[in-house]
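Bear in mind these aren't lab numbers, they're just calculated from the coordinates by the rules spelled out. A quick note: this is a predicted structure, and the numbers were derived from the prediction, not measured. Cβ placement follows ideal geometry from the backbone for every residue including glycine, while neighbour counts extend to all protein chains displayed.
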Amino acid sequence: MLGLKLKTDPRWVNLAEMNLEDILTDHAYCEQKAATSGITLIQAFPEKEELVKEIAPLVTEEWGHFRMVLNELEKRNLKLGKQRKDEYVNNLLNFQVKGGSREDWLMDRLLTFALIEARSCERFRLLSLELKDEALRNFYHRLMISEAGHYRLFIDLAKKYADEEKVKKRWQEFLDYEAEMISTLELRGDRVH
């Protein structure tokens with residue numbers, strides 16, 4: 001369903017479980033950045049009424065997820081650590097077309113967000129199946145479903161505001177790039193991506 005061309009190495013879950021404080025900290029900041037990115041989209045494209053209508057509740061939901069992750073940290077007597085550089089997201093941002101039209105910029109932004117949500121969904125699924133902590137497995141199952149909806153929303157918005165064939169072609173380019181990138185990134189259990 002997600003179209004990802006390279007699955008996450010199954011050892012990632014074991015590494016994540018050994019680094020719960022780090023993975024939850026990274027997850028919290030991912031949610032915070034997702035909310036901020038949604039606000040940035042609205043600020044950049046206030047004239048796109050459907051985008052504003054769809055992204056505004058997503059911002060609220062992502063901020064709610066941030067608070068939920070903070071709660072999971074607190075339940076386990078873990079601390080929110082410092083935000084770290086997100087090499088995965090930075091690489092995706094570097095893949096976006098520079099220059100060009102506002103519409104192309106919007107399409108690339110929406111596809112970047114769709115890919116981040118797809119990879120998060122895939123990893124949350126692994127956590128929901130493999131973690132020993134049942135409450136945390138259930139937590140990640142709920143978030144996996146949410147991430148799948150966000151992925152779909154960003155794809156649908158890209159198709160609304162750009163030619164569908166252009167979106168499909170560019171989406172395949174993103175998927176190819178992301179698979180190559182994932183294959184070269186160090187396998188780390190302290191990062192969601």
Query raised in the report: Can you list the HN-Hα couplings for segment 10-15, worked out from phi with the Karplus curve (6.51, -1.76, 1.60; θ = phi - 60°), rounded to whole Hz and with x for Gly and Pro?
Result: x, 5, 4, 4, 4, 5
Query raised in the report: How much length is gained on full extension from residue 135 to residue 83, taking 0.36 nm per residue of separation minus their Cα-Cα distance?
Result: 16.2 nm
Report task. Would you give the gap between the C-alpha center of segment 1-25 and the C-alpha center of segment 116-178, rounded to a whole Å? Result -> 14 Å
Requested in this report: Specify the angular offset, from 0 to 90 degrees and rounded to the nearest 10, of the alpha carbon long axis of helix 102-130 from the longest principal axis of the alpha carbons in the chain.
Outcome: 20 degrees
Query raised in the report: Among 114, 28, 56, whose mean-square fluctuation peaks in a Gaussian network model of the chain (Cα, cutoff 10 Å)?
Result: 56
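Below 8 Å between Cα atoms, with a sequence gap of 6+, how large is the relative contact order for segment 13-184 in percent? Please report the intermediate quantities before stating the final value.
On the way: 155 pairs, mean separation 37.7, N = 172.
The normalised contact order for segment 13-184 reaches 22 percent.
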Requested in this report: Count charges around residue 144 for me, please; just the other residues with Cβ under 9 Å from its Cβ, Lys/Arg as +1, Asp/Glu as -1.
Outcome: +1
**Report entry** Reach of residue 53 by Cα under 17 Å, taken over lysines that are not fewer than 8 positions away in the same chain
**Finding:** 159, 160
Query raised in the report: Tilt of helix 20-44 relative to the longest C-alpha principal axis of the chain, in degrees (0 to 90, nearest 10)?
Result: 20 degrees
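Order of 95, 113, 174 from fewest to most other C-beta atoms within 10 Å?
95, 174, 113
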Requested in this report: For segment 13-184, would you read off the P(r) tail past 21 Å as a percentage of all alpha carbon pairs?
Outcome: 49 percent
**Report entry** Candidate aspartates and glutamates for bridging to residue 168, where Cα separation is under 12 Å - those fewer than 8 sequence places away on the same chain excluded
**Finding:** 108, 156
Query raised in the report: Summing +1 for each Lys or Arg and -1 for each Asp or Glu, what net charge is found among the other residues whose Cβ lies under 12 Å from the Cβ of residue 183?
Result: -3
Query raised in the report: If the cut-off is 25 Å between C-alpha atoms, which lysines fall inside it for residue 79, apart from same-chain ones fewer than 8 positions away?
Result: 33, 132
Query raised in the report: So what's the angle, to the nearest 10 degrees on a 0 to 90 scale, between helix 49-75 and the longest Cα principal axis of the chain?
Result: 10 degrees
